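Reading through the structure tokens given below for one structure.
Bear in mind these aren't lab numbers, they're just calculated from the coordinates by the rules spelled out. A quick note: this is a predicted structure, and the numbers were derived from the prediction, not measured. Cβ coordinates were reconstructed from backbone atoms using ideal geometry, including for glycine residues, and neighbour counts include every protein chain displayed.
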Amino acid sequence: MYAYFIDDWVYNNHHRKLDRLDLVLTQKGIQGRKIKLSRLHDLGGSIKDCLSSGIKTFVAVGSDTTTSRVLNSMLKDNNFSFSFACVPIDEPRAIARVFGYGSMLEAVDALAVHRTSKIDIGLLNKRHYFVTAAVF
């Protein structure tokens, strides 16, 4: 089972894309819990609730900001192993490209076949970053 963390601006600005995402996930037989993120949402509490119910795959739905927010919250307490994915809805989508897909449909296809790969994550000032390029 999956946990989808959907940013609140996706509900407001991209409801047609979100409906399309629901349809494609249903067609592929992918089920999960949908969690709407707002400014005051307790993301850490939602993650702990998902872990206690046996969810091990977490999906950020939105842009790079959403992905970074969810991943940083998950890595604060890294005493557990998990799978992480992102479904890009809007620009920027550089993190989705790190995972190997650039569109919503490509991300759903990767979820459907359980494609996994390891990625490099850096830590700077107590925040986690995707390491995609370094300039010296």
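Paramagnetic label reach from M1 (point 7 Å along Cα→Cβ; backbone nitrogen cut-off under 19 Å): within region 20-39, residues 22, 25-37. Between T65 and R39, the simple spin-label model (points 7 angstrom out along Cα→Cβ) gives 1.1 nm.
Would you kindly give the portion of the calculated P(r) for region 2-130 that falls above 18 Å, as a percent of all Cα pairs? Mind dumping the intermediate values first?
Working: 4172 of 8256 pairs.
The proportion of pairs with Cα distances above 18 Å equals 51 percent.
Let me make sure I get this right: for region 62-127, a, b and c are the square roots of the gyration tensor eigenvalues over alpha carbons, sorted descending. Under 1.5 in a/c it's rounded, otherwise prolate if a/b > b/c, else oblate. Which is it?
Numbers: a/c = 2.10, a/b = 1.39, b/c = 1.51.
It comes out oblate by the Cα gyration axes.
On a full-extension model of 0.36 nm per residue, what is the gain between N125 and N79, subtracting their alpha-carbon distance, rounded to one decimal in nm?
Working: separation 46, 0.36 × 46 = 16.56 nm, distance 2.01 nm.
Using 0.36 nm per residue and subtracting the Cα-Cα distance, I get 14.6 nm.
Normalised by the number of residues in region 2-130, the average gap of Cα pairs under 8 Å and 6 or more apart makes the relative contact order 25 percent.
I'd like the FRET efficiency for N12 and E106, computed as 1/(1 + (r/R0)^6) with the beta carbon distance as r and R0 of 25 Å, rounded to 0.05. That pair, N12 with E106, gives E of 0.55.
Net charge in the neighbourhood of G54 (other residues with Cβ under 14 Å of its Cβ; Lys, Arg +1, Asp, Glu -1) is +2. Fewest neighbouring Cβ atoms within 10 Å first, the residues D22, D7 line up as D22, D7.
Determine, for each peptide in 83-89, 95-101, the mean count of other beta carbons within 10 angstrom over its residues, then list the peptides with the highest first.
Working: 83-89: 22.4, 95-101: 18.4.
The densest-packed peptide leads the list: 83-89, 95-101.
Other residues with beta-carbon under 13 Å from the beta-carbon of A110 carry, at +1 per Lys or Arg and -1 per Asp or Glu, a net charge of +1. When Lys and Arg each count +1 and Asp and Glu each count -1, what net charge do the other residues less than 15 Å away from D64, Cβ to Cβ, add up to? Neighbour charge sum, excluding D64 itself: +1.
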